[in-house]
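K.L.:
Take this structure, written in structure tokens, and hold onto it; I'll ask about it next.
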Amino acid sequence: MHINVEPSILYFGTPVALLSSMNEDGTVNVAPMSSVWWLGWNCMLGLGATGHTAQNLLRERECVLNLPAASNVEAVNQLALLTGSDPVPPHKLAKGYRHEKDKLGVAGMTVSPSERVRAPRIDQCPIQLEAVLETVHPFGHRPDKASTALAFEMRIVRAHVDETLLDTTAPNHIDPDLWRPLIMSFCQFYGLGGKLQHSTLAEIPEESYRPVAHMER
Ligand SMILES: Cc1cc2nc3c(=O)[nH]c(=O)nc-3n(C[C@H](O)[C@H](O)[C@H](O)COP(=O)(O)O)c2cc1C
């Protein structure tokens, strides 16, 4: 039997991304997030509009989506309750957030330069996607209240993947049996189980989805 419920959040489970973005003073901010969905080489990021990362994205119009594996969970957890905003906004203070300038240091993470964007890539993340901002939309509309979030449509302009995740028989193919994403479900961390059964959709050759000239800016 199904019953009516009113969960305070509807976070049913999505992969975690660590967004690296440039601060106004040339230093790097990193923020964990998981409201992200993909279509081809574009993706949509859902972020609080006043957050430090949102402000960096609006100004710089680029970032790197670093995808942690399940094995990176401890480092990701170190980044929770930190913000690049100084002072910390009241709604975050009330939840226990504190300002941290050197989030990478706190998480024990290091960076390498990107090729197409100013924000650097996080070395410890097996997948690093350089991205440019295409459009921004207000998000979280309600009849009684102005929206407080933004949806950023990003286009990936360079993908770096740990070679141990690649299918040795097919170039450019990430083997889903080897890629173990970190999943956030209702604010808890999970990994993936194994493959369930044959996928009919996977019978379509993956190459048929390749976008034309996706690397151009
Ligand atoms: C695993 C995880 C997932 C998160 N997902 C999101 C998200 O999708 N969108 C968002 O705005 N904040 C999300 N947060 C909260 C941000 O990380 C938090 O607001 C942080 O302060 C952002 O850093 P910044 O203030 O330096 O931008 C998430 C936090 C964690 C730990």
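K.L.:
What is the Cα centroid distance between the stretch 150-209 and the stretch 1-38, reported in whole angstrom?
P.N.:
Centre-to-centre (Cα) distance: 18 Å.
K.L.:
Let me know the number of lysine pairs in the chain closer than 30 Å at the Cα, not counting same-chain pairs under 8 apart. Before the final figure, lay out the partial values.
P.N.:
Values: Lys92/Lys101; Lys92/Lys103; Lys92/Lys145; Lys95/Lys103; Lys95/Lys145.
Counting lysine pairs in the chain gives 5.
K.L.:
Please identify every one of the GluC sites (Glu not before Pro) in the stretch 152-217 that sits in a loop by DSSP and has no more than 12 other beta carbons within 10 Å of its own beta carbon. List each step's numbers first, then the result.
P.N.:
Working: sites: Glu153, Glu163, Glu203, Glu206, Glu207, Glu216; in loops: Glu216.
For GluC sites (Glu not before Pro) across the stretch 152-217 that sit outside H, G, I, E and B with at most 12 neighbouring Cβ atoms in 10 Å, the list reads Glu216.
K.L.:
Enumerate the amide H contacts of Ser114 below 5 Å, restricted to partners 5 or more residues apart or on another chain; note that Pro and chain-start residues carry no placed amide H.
P.N.:
Under 5 Å from the amide H of Ser114: Arg121.
K.L.:
Connecting C-alpha atoms closer than 10 Å in a GNM of the chain, tell me which of Ser199, Ser21, Ser71 has the biggest fluctuation.
P.N.:
Highest fluctuation of the listed residues: Ser199.
K.L.:
For the stretch 112-143, which GluC sites (Glu not before Pro) pass both filters: DSSP loop (anything but H, G, I, E, B) and at most 10 other C-beta atoms within 10 Å?
P.N.:
On the way: sites: Glu115, Glu130, Glu134; in loops: Glu115.
Those satisfying the criteria are Glu115.
K.L.:
With contacts defined as alpha carbon pairs under 8 Å and 6 or more residues apart, what's the relative contact order of the chain in percent?
P.N.:
Details: 401 pairs, mean separation 51.4, N = 217.
RCO, the chain: 24 percent.
K.L.:
For the chain, take the convex hull of the Cα atoms, compute a quarter of its surface area, and give me that in nm², please.
P.N.:
Details: hull surface 59.8 nm².
Dividing the Cα hull surface by four gives the mean projection, 14.9 nm².
K.L.:
Something else about it: Order the peptides 92-99, 188-195, 120-127 from the highest to the lowest mean number of other Cβ atoms within 10 Å of their residues. Write down the numbers at each step before the final one.
P.N.:
Values: 92-99: 12.8, 188-195: 10.6, 120-127: 20.9.
Ranking the peptides 92-99, 188-195, 120-127 by packing returns 120-127, 92-99, 188-195.
K.L.:
I want to verify a result. In a Gaussian network model of the chain, Cα cutoff 10 Å, which of these has the top mean-square fluctuation: Ala80, Ala131, Ala151?
P.N.:
Ala80
K.L.:
If neighbour count is taken as other Cβ atoms inside 10 Å, put Arg158, Arg59 in order from fewest to most.
P.N.:
Arg59, Arg158
K.L.:
Could you check which residue among Ala17, Ala75, Ala31 shows the biggest mean-square fluctuation in a GNM of the chain with a 10 Å Cα cutoff?
P.N.:
So, out of Ala17, Ala75, Ala31, the one fluctuating most is Ala75.
FYI, it's all coordinate maths here, none of it is from the lab. Source: prediction; values computed, not measured. Cβ: placed from backbone, ideal geometry, glycine included. Neighbour counts: every protein chain shown.
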